[in-house]
Amino acid sequence: MSDLVQLSQDNDVAVITINNPPVNALSPGVPEAIAEAIEHVQQDASVRAAVVIGGGRTFVAGADIKEFGKITSGQHTRGAPLLPAVLLKIEDCSKPVVMAIHGTAFGGGMELAMSGHYRVAAPSAQLGQPEVKLGIIPGAAGTQRLPRLAGVAKAVEMCAGGNPISAKEARELGIVDRLVEGDLRAGAVAFAREVAGKPAPKTRERTGKLGTPEQNAPILAAAREQARKKQRGLMAPLAAIEAVEAAARLPFELGCELERRLFTGCLFSDQSKALIHVFFGEREVAKVPDVPKETPILPVNQVGVVGAGTMGGGIAMVFANAGIPVLLREVDQAALDRGLANIQKNYAGSVKRGRFTQEFVDERLKRIQPTLSFAGFAEVDMVVEAVFEGMALKKEVFAELDRVCKPSAILASNTSTLSIDEIASATKRPQSVIGTHFFSPANVMRLLEIVRGKATGKEVIATAMQLAKKLGKVGVLVGNCRGFVGNRMFHPYRREAQFLVEEGASVEAVDAALTDFGMAMGPLATGDLAGLDVGWRIRKEYRHLEKPGVRQPLAEDRLCEMGRFGQKTGAGWYKYDENRRAVPDPEVAELVRKAAAAAGIAQRQIPAEEILDRCIYALVNEGARILEEGYALRAVDIDIIYLNGYGFPAYRGGPMWYADTVGLKQVLERIREFQQQHGELWAPAPLLVRLAEQGAHFDGFIREPGGKP
Ligand code: 3HC
Ligand code: NAI
């Protein structure tokens, strides 16, 4: 037997332990070794039953995702897939095989579990078929065995939605036969002994829960509709539904064949490659080359938040939800009351939607302690400042924090545009100052840009990165440039969207080109949601820095002058009805036409393809500059920022990955066309030129040491 799987014996019960840390993925060698162990169980007369259990922190988290890239790039010679055959072997073992689940039984791990005759689980275990999140479907009969255990409706939900269920729910559904409190291995062995000698039920032979075509038709139709709506543009959920449907319609073997065909189709798709890039990317961004894993982490057991406005209130909720008590400071009672009322309203909405229970909310609210002073700030381990965006005020607040906070406290700013270094200069401890740029609404959006200043200490960075995970966020480390990474790129993206409208595209056509591509919202509708006045104020502050003669968008300043700030004022690029539904507004079209005519901008029909290329390549070109300048560590960091903060479709992998899939040569050619038509705003980023000429990709690009920041 290999090191990956150990076989031991507890009197008459064999215990097969899978040991492939960290998550016992079914890497090459693991299925073979399980098959070998089962063979042993079959042959050994002293064994009456077997238990399969995971060593370490989990059962089996699935197939080894790293292997998929090798398959699709042709590095693996693809013979018949091994895992399905191993699962049949387990199921055909004449002695009962009990799967003992703790941690996660995901994907191939869930499929392995279902090939056993029985399943027992620790109450904290989770079970699921998350393959759709990687753009694939279960590929080892998961879509065929799960409906036999849990029924078609639940199988469709799990295989197409990808979300896990708890062991308790699995027990209620009949997927798990017993929950084991305490020692799982001992409980599983005892269970195995109880069932030894009795006929072992094979999952694939069960038909009791498969239902009739008439019963299944509405379930499948509803699932398809939901997938089209909630997982817009994704092919895997629909493939998963088709495969589960086949389980109810076809004999097991034929269902498995269809599943395999659908699985392979998905695996070789661009969607799956992009989603696998995202899976590893989300983990990669946590790794900062010069901040090693061993860097000490500072304790963050109590925090202070300064400012209880839109962001401060949301940030306080984020900490409270993670169990960290918060002191929430405002300047006056009215602002504090407003802030708290917003927090309460927000929580009440979550209770109404069933996201949180009232008890949960009450407990969270108790953790948020309002205050009008800095008393108590001497105790906190970290402060997040979220006062108005203005350098003088920020500096004042940081100077005060420097006076009142203990020397080890981390001082973080939620600024979205200001220099962290300048803010840090107001303190005597710039090494403790960092940017934590939450996105609005802070309690919902997953992205946290962590901004590293010139002097920010490694321990402070490591702590912020770890804290992001604890807060349920994806933390991405970025450098200190104007707009950091996300907003710096968003600027040319939205600029192009506005230019396109000035050149003759309708507001709706611009937004539709981007939502058809998969963006959660169009760029103009996004402006309306965030508030057009935010950019207007910033523009007014920075107008003196604008280069004369450089084309600037014409309409948003005028919309703001008319009081059209977007959704909050009922009108912006669109008009909004009482349900905040966007309605096209001819008045805006007229306003833009006039402004364009006055500026001498010719009108023309603009194809959707040009709209898309202008907006997305504006992102890509700026992303390339950011990458080369070192403000993002890797291209994937930019991708993860865009997926989690800006509604970029995950199945396209992020802007930089998308550019790689189009081909950088082609992207560059298009950008050069735009440069000829529109001038120097479209000058291609030097890195893009270099990589395109080398036939290289953004993915895997590592900046030479000694770059700018
Ligand atoms: N294959 C390869 N590596 C995996 C893996 C997998 N299935 N699952 C996790 N890993 C790696 C991660 O990349 C990470 O590596 P790193 O330390 O080098 O960055 C390490 O294991 C630890 O993972 P996490 O940081 O994610 O650890 P957590 O404790 O936060 O989460 C988990 C554990 C919930 C299991 C999470 O890793 C997860 O969801 N994994 C993916 C599960 C999945 O999608 N399974 C289905 C695979 S496809 C399949 O099975 C097809 C089948 O139908 C044939
Ligand atoms: P806001 O205007 O909603 O809230 C700011 C709050 O700070 C006000 O309630 C004000 O009373 C309070 N305040 C001012 N001075 C204070 C002081 N000395 N002590 C305590 N409280 C004080 O502003 P918002 O939108 O929450 O922005 C806060 C910060 O977050 C800004 O730096 C902004 O750039 C940034 N940001 C905003 C985002 C957004 O979408 N609104 C997104 C990401 C970052």
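All of the numbers you see were taken from the coordinates with simple rules; none came from a lab. Bear in mind that the values here come from a model prediction, so they are computed numbers and not experimental data. Cβ: placed from backbone, ideal geometry, glycine included. Neighbour counts: every protein chain shown.
I need the Kirkwood Rh of segment 630-709: take the reciprocal of the average 1/r across all distinct C-alpha pairs and report it in angstrom. Walk me through the numbers before you get to the answer.
On the way: mean 1/r = 0.0739 Å⁻¹.
When all Cα pairs of segment 630-709 are included, the Kirkwood radius is 13.5 Å.
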### Message
Taking just the alpha-carbon atoms of segment 493-569, what radius of gyration and Dmax come out, in angstrom?
### Response
12.9, 37
### Query
Which percentage, to the nearest 5, of the DSSP beta bridges contained in segment 320-473 is antiparallel?
25
## Note on the structure
Cβ-Cβ cut-off under 15 Å around Ser413, Lys and Arg +1, Asp and Glu -1: the net charge is -1
### Query
Can you pull the percent of Cα pairs in segment 304-454 with separation above 19 Å?
50
### Message
Just to confirm the filter: which GluC sites (Glu not before Pro) across segment 498-553 are DSSP coil and have at most 10 other Cβ within 10 angstrom of their Cβ?
### Response
Glu546
### Message
What does the C-alpha gyration tensor say about the overall shape of segment 1-107? Classify as rounded when a/c is under 1.5, otherwise prolate if a/b is larger than b/c, or oblate.
### Response
prolate
### Per residue Cα convex hull volume in Å³ - calculated over segment 475-538
106
### Task
Could you tell me which of the pairs Lys395/Lys454; Lys168/Lys209; Lys345/Lys568; Lys154/Lys230; Lys287/Lys394 are separated by over 21 angstrom between their Cα atoms in the structure shown?
Lys287/Lys394
### Query
Where does helix 333-352 land angle-wise versus the long Cα axis of the chain, in degrees 0 to 90, nearest 10?
30
### Summary
Taking alpha-carbon centroids only, segment 416-478 lies from segment 493-565 a number of Å equal to 28
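Identify the trypsin sites (Lys or Arg not before Pro) of segment 368-473 meeting these criteria: DSSP loop state and at most 15 other C-beta atoms within 10 Å of the C-beta.
Working: sites: Lys394, Lys395, Arg403, Lys428, Arg446, Arg452, Lys454, Lys458, Lys469, Lys470, Lys473; in loops: Lys428, Arg446, Lys454, Lys473.
Here the trypsin sites (Lys or Arg not before Pro) that fit, given the DSSP loop and packing criteria, are Lys428, Lys454.
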### Message
From the alpha carbon gyration tensor of segment 439-559, can you work out the equivalent ellipsoid semi-axes (sqrt of 5 times each eigenvalue) and give them in Å, largest to smallest?
### Response
31, 20, 12
### Query
In Å and whole numbers, how far do the C-alpha atoms of segment 5-48 stretch along each principal axis, longest first?
32, 17, 10
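Evaluate segment 543-642: find the radius of gyration of its Cα atoms, find its Kirkwood radius, and give the ratio Rg to Rh.
1.04
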### Task
Sorted from largest down, give the three principal axis spans of the alpha carbons of segment 571-709, whole angstrom values.
52, 37, 28
### Task
Return the whole-Å distance between the Cα centroid of segment 583-635 and the Cα centroid of segment 129-198.
49
### Task
Calculate, in whole percent, how much of the Cα-Cα pair population of segment 321-394 lies beyond 19 Å.
44
### Residues of type aspartates and glutamates that Lys366 reaches as a straight line, Cα spacing below 20 Å, ignoring anything fewer than 8 places off in the same chain
Glu330, Asp337, Glu379, Asp381
## Note on the structure
Sorted on mean Cβ neighbours within 10 Å (highest first), peptides 253-266, 370-383, 623-636 come out as 623-636, 253-266, 370-383
### Message
Give me the tail of P(r) for the chain as a percent: Cα-Cα pairs with distance above 40 Å.
### Response
41
### Query
So which lysines pass the test for Lys198, namely a Cα distance under 21 Å, with those fewer than 8 places away in the same chain ruled out?
Lys89, Lys95
